[in-house]
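All remarks here apply to the structure that follows.
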Amino acid sequence: MTGEPSARVPWLAAQPRRRFLLGAGAVLAGSGALAAALSRPAPPAARDGFGADWLFGPFVQGSTDPDFDDSGMALVSVPHCVVPLSWQDWDPSDWQHVWVYRQHFLAPAQLRRNRAFLQFDGVLSAATVYLNGRRVAMRSGGYLPLRCEVTGLLTGKDNVLAVVVDGRWQQNTPPDLPEFPHPTAIDFYQPAGMYREVRLTGVPQTYLSDVYAQQIAVLTPNREVLLHCTVDSAKAVKGPVRLTATLSQHGAEVASSYTDLTGLPKGDTQVTVSLQGLDAVRLWDLDDPALCDILVTLEVDGRKVHTYPVRTGLRDAQFTVDGFRLNGRPLKLFGLNRHQWYPFVGGAMPDRVQRRDAQLLKEDLNCTMVRCSHYPQATAFLDACDELGVLVWEELPGWDHVGDTAWQELAVRDVHDMIVRDRNHPSIIVWGTRVNETLGQYALYGRTDQLAAELDPMRPCTGAVAGERGYVSPLYPVKAGGGVFSFNDYSRPRPPGSPPPLRPPRRGVPYLVSEAIGTLVGSAYFRRTDSPAVQREQSMLHAWVHDRAASDPRYSGLLGWCGFDYPSGWYHHYRGVKYPGVMDFFRIPKLGAAFYRAQRDPSRGAVIEPAFYWDFGPGSPQGGPGRDAIVWSNCEVLVVTVAGKRPVTVHPDRTRFPHLAYPPFSVDLRVNGRARPELSIEGRIGGQTVLRRRFSADPAYDTIAVTADDDQIVADGADTTRVALRLLDRYGAPRPHARGVLAVSAKGPGVLIGDPYLDFGALGGAAAVWIRSMRGTPGTITVSATHPFVNTGTATIVSS
Ligand code: GAL
């Protein structure tokens, strides 16, 4: 479990309390070394290790005082969730309290001479920050950074940072609501904690606080990047000031330019630098996400005082009434919605784990787009989308309700902070400036759309609407111009079981289907333990709506609901988990994912993914998967053989799915399961066999497979990797009907994030734990999973 008191982790408990000595230029970071290791773009200033370790406990009177006796507090690791959680049955009353985090550190003289800024990337649900006993900042709302200046407040002795974290429902803050002071009033749980990084940055008296790289006429010979730079000066400057910008790609400088000023007033000054002559820049695209590095250097009186790096990519993204275009080329948006929550820790997963979701969406599920439903997500996730070539919709926090005036002011603040944080990400193509599934609110959305247009003229705005009223509502949501009409299309199939319809695209506006399927169409639950027929149906339902969306160029595309199961106490949940994901909460694909997995050009690898289990045990039909067994594949022809006899050649079902690039194959697989026949599926392209998969009906050879996503992690106390635990047949195909309890343990310098005992029956034979490194303790971590009557599987991870 994580969020552990130190008593549960003997290694941590044994450590003396730490006081961190901060580096000179710029400082405290939750996992600076990790960031470097994972090639995140450099932040505005250099960062040094602050360490993931914090002292933590329930808030008590006096616990923000520097002298508070914190010797009894638990040593915890940030990202952090205030309570240990399991993979289901979360109880919000466990985290809905007030907590405190404390940090002791030494600030070197140079930092004390500089200006210093504290930044908390995400704290749920409200944070009040005290430095050396002084209240310096407060923010309510857990999805965007709290940043505050602490210049002059650092001392040469022990500095004490204390953060009071209010984990309770914040009635006046999006996405929470005043009307329903209850954590199950919205469709996702928000476990409390300092669940993203914290950093303290030192900068000179005059520095670059922000750079926005606006792209202009990218597809023309007059291509330009207009850099909107904010120079923040603590005092007026008299002498010459120069801002120089260079743009490089793959290490080679392409363009450079500068703007001169004479003097600066105290406070913020906006300066633009124009970069032209960019013909040689390779455009950012899905198959070639070519990034550019822009470096802006600030000189005052001929002396370089500060640099600000921006990583971006040049691309032209347009929503039109005839569909979406990337770099002038029509592109059907094909994707899923993503929630950011994980078993055991809520949102408290570090960069590597966040990035992994982007990789799964791109490489496993073949998505060209993801919607960050329903709040701004980790920048590490967006960085990975930039690097991998995944398009992104990012939206303000909110879900189906708009609160009072004070609440709305915070919604406007969130739109501002989201766009300023993320507008240089080439992956982002549209801003959600309207709360999911809310209608009307013309005054509020007039403001948020206007604000978005000012902060980022490059991208359109949108907001998902739902229901009949949403579909027909006049002027919504493209009133301010340049918008995209996005509709959560949960049209139900009639009769049930038939292909679900989609609404026709609204005329005269760019149109995107922002949600479909999930728990509102088809089954309410798509659990691994549900019948194979239900799980098969999930793949078919997603395929049908994508097929529809592909049938008409006016659909910009479709984003299914949803990528991963998530925690919720609202409607159609089972023991606090919603099951509409095509991957489960642990990010292990269900049968429903088979459709997405096959939608890739075979040059990226042939795929054969049945939407059934080759299993004849309890819960699986003895007569086999039936007359219309579905196999998803990107091959031209499949040759299916049961028990080595009478191979059958099958072709893609283009009748039911005329518009999919890779329709499914329907196979008659009525068999006698008692004979335990083996199944072989051979995929052919151009007459050649490109892939052969085998499936065993004999559970005698089943194994527990234990596989780590990474064989190396960084020993910084924050870096974490997933270890998947799956019951597989002898050829590696999933076996759903597991029994027994899996005992999981980790040896070596790693913390097990996960339940040490997992009910493998309830989990359908698939789960995961995560392993977090220990700060400063390298070594080999061995994860073992022992099943009472299968086997013990192990995986090793080197932490260095
Ligand atoms: C939609 C909503 C999603 C989710 C879904 C139910 O209306 O936008 O966030 O709650 O319903 O599965």
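Calculated FRET efficiency, residue 257 and residue 711, Cβ-Cβ r, R0 41 Å, to nearest 0.05? Numbers along the way, then the final one.
On the way: r = 44 Å, r/R0 = 1.08.
After rounding, the FRET efficiency stands at 0.40.
Taking H as built 1.01 Å from N, whose amide H comes closer than 5 Å to the amide H of residue 692, not counting residues under 5 places away?
The answer is 683.
Which peptide among 700-707, 731-738 comes first, and what is the full order, when sorted by highest mean count of other Cβ atoms within 10 Å? Kindly include the intermediate steps, with their values, before the conclusion.
Working: 700-707: 16.5, 731-738: 20.1.
By packing density, highest mean first, the sequence is 731-738, 700-707.
For segment 155-166, what does the Karplus curve 6.51 cos²θ - 1.76 cosθ + 1.60, with θ = phi - 60°, yield as ³J(HN,Hα) per residue in whole Hz, taken in order and with x for Gly and Pro?
Couplings: 10, x, 9, 5, 8, 10, 9, 10, 10, 8, 10, 9 Hz.
With all protein chains present, how much of the accessible area of the chain (probe radius 1.4 Å) comes from carbon and sulfur, to the nearest whole percent?
51
Let a ≥ b ≥ c be the square roots of the eigenvalues of the Cα gyration tensor of segment 520-664; is it rounded (a/c under 1.5), or, if not, prolate (a/b larger than b/c) or oblate?
On the way: a/c = 2.03, a/b = 1.17, b/c = 1.73.
The shape class here is oblate.
With runs of 4+ DSSP H residues as the only contributors, calculate the mean residue ellipticity of the chain at 222 nm using -39,500 (n - 2.57) per run, divided by the residue total and rounded to the nearest 500.
-3500 deg cm²/dmol
So for the chain, taking the charge dipole from beta-carbon charges (+1 Lys/Arg, -1 Asp/Glu), which of 74, 734, 317 sits furthest toward the positive end?
Among 74, 734, 317, the one farthest towards the positive end of the dipole of the chain is 734.
Can you list residues whose amide H is under 5 Å from residue 151's amide H, if they're 5+ apart or on another chain and H is modeled 1.01 Å from N?
Those lying under 5 Å, H to H, from residue 151 are 116.
Treat every Asp and Glu Cβ in the chain as -1 and every Lys and Arg Cβ as +1, leave all other atoms uncharged, and give the resulting dipole magnitude about the Cα centre to the nearest 20 debye. All intermediate terms of the calculation are to be shown ahead of the outcome.
Details: 82 positive and 80 negative charges, 188 e Å.
Using only the charged Cβ atoms, the result is roughly 900 debye.
For segment 641-800, calculate the relative contact order in percent as a whole number, restricting contacts to Cα pairs under 8 Å that are 6 or more residues apart. Each step should come with its number before you reach the end.
Details: 354 pairs, mean separation 33.3, N = 160.
Normalised by residue count, the contact order of segment 641-800 is 21 percent.
Given points 7 Å out from each Cα along the Cα-Cβ axis, report the residue 675 to residue 272 separation in nanometres with one decimal.
Output for this residue pair reads 7.6 nm.
For segment 132-291, give the magnitude of the charge dipole about the Cα centre (Cβ charges: +1 Lys/Arg, -1 Asp/Glu; no others), in debye to the nearest 20.
Numbers: 14 positive and 17 negative charges, 181 e Å.
So the dipole magnitude of segment 132-291 works out to roughly 880 debye.
At 0.36 nm per residue, and after removing the present C-alpha to C-alpha distance, how many nm does the segment from residue 492 to residue 531 gain when stretched out fully? List each step's numbers first, then the result.
Numbers: separation 39, 0.36 × 39 = 14.04 nm, distance 2.08 nm.
Result for the pair: 12.0 nm of gain on full extension.
With N denoting the number of residues in the chain, provide Rg(C-alpha) divided by 2.2 N^0.38 Å, to two decimal places. Write out the running numbers ahead of the final one.
Numbers: Rg = 26.8 Å, N = 800, 2.2 N^0.38 = 27.9 Å.
Scaled against compact globular proteins, the figure is 0.96.
Nearest 0.05, what FRET efficiency do residue 507 and residue 450 give at R0 = 25 Å with Cβ-Cβ as r? Let's see the in-between values first.
Details: r = 25 Å, r/R0 = 1.01.
According to the calculation, E is roughly 0.50.
Roughly how much of residue 698 is accessible, in Å² to the nearest 10, using a 1.4 Å probe?
Around 50 Å² of this residue is reachable by solvent.
Which shape class applies to segment 367-494: rounded if a/c is under 1.5, otherwise prolate when a/b exceeds b/c and oblate if not, where a ≥ b ≥ c are the square roots of the Cα gyration tensor eigenvalues?
Values: a/c = 1.69, a/b = 1.20, b/c = 1.41.
Oblate, because a/c is 1.5 or more while a/b does not exceed b/c.
As a quick test, which of the pairs 266/304; 590/747; 238/304 have an alpha carbon distance above 23 angstrom in this structure? Working shown, then result.
Numbers: 266/304 19 Å; 590/747 30 Å; 238/304 16 Å.
Too far apart for the 23 Å limit: 590/747.
I'd like to know which of 433, 616, 558 lies farthest towards the positive end of the charge dipole of the chain, counting +1 on Cβ of Lys and Arg and -1 on Cβ of Asp and Glu.
Of the candidates, 616 comes out farthest on the positive side.
Using 1/(1 + (r/R0)^6) with R0 = 51 angstrom and r between the beta carbons of residue 777 and residue 655, what's the FRET efficiency to the nearest 0.05? Please list the in-between numbers first.
Working: r = 60 Å, r/R0 = 1.17.
E between residue 777 and residue 655, to the nearest 0.05, is 0.30.
So what are the ³J(HN,Hα) numbers for segment 448-455, from phi and the Karplus equation (6.51, -1.76, 1.60; θ = phi - 60°), rounded to whole Hz, Gly and Pro as x?
After applying 6.51 cos²θ - 1.76 cosθ + 1.60, I find 5, 5, 5, 4, 4, 5, 6, 6 Hz.
Please turn the phi angles of segment 351-366 into ³J(HN,Hα) values with the Karplus equation 6.51 cos²θ - 1.76 cosθ + 1.60 (θ = phi - 60°), one per residue in order, whole Hz, x for glycine and proline.
The phi angles translate into 3, 4, 6, 4, 5, 4, 4, 5, 5, 4, 5, 7, 8, 9, 9, 6 Hz.
Of 766, 787, 748, whose Cα points farthest to the positive end of the dipole of segment 700-799 (charges on the beta-carbon: +1 Lys, Arg; -1 Asp, Glu; origin at the Cα centre)?
About the Cα centre, the residue reaching furthest to the positive side is 787.
Averaged per residue, what accessible surface does segment 700-799 expose to a 1.4 Å probe, in Å²? Before the final figure, lay out each step's value.
Details: 3490 Å² over 100 residues.
Computed with neighbouring chains in place, this is 35 Å² per residue.
Sequence-distant or interchain residues sharing an amide H contact under 5 Å with residue 391, placed H: which?
369, 370
Given Cα pairs under 8 Å that are at least 6 residues apart, what percent is the relative contact order of segment 206-312? Don't skip to the answer; put the middle values down first.
On the way: 263 pairs, mean separation 32.6, N = 107.
With pairs under 8 Å counted, the relative contact order is 30 percent.
Expected output is a single nm value to one decimal: the length gained when fully extending between residue 228 and residue 67, i.e. 0.36 nm times separation in residues minus the C-alpha distance. What is it?
Numbers: separation 161, 0.36 × 161 = 57.96 nm, distance 4.41 nm.
Fully extending the segment from residue 228 to residue 67 adds 53.6 nm.
Relative contact order (percent) for the chain, with alpha-carbon contacts under 8 angstrom and 6 or more residues of separation?
Values: 2165 pairs, mean separation 76.9, N = 800.
Result for the chain is 10 percent.
The values are calculated or read from the model by the stated rules, or taken from the named source; none is laboratory data. Just so it is clear, the structure is predicted and the values come from calculations on it, not from any experiment. Here Cβ is always computed from backbone atoms with ideal geometry, including for glycine, and neighbour counts include all displayed protein chains. Keep in mind that these areas ignore ligands, DNA and RNA; they rest on the heavy atoms of the full protein, side chains included. Shrake-Rupley method; radii C 1.70, N 1.55, O 1.52, S 1.80 Å.
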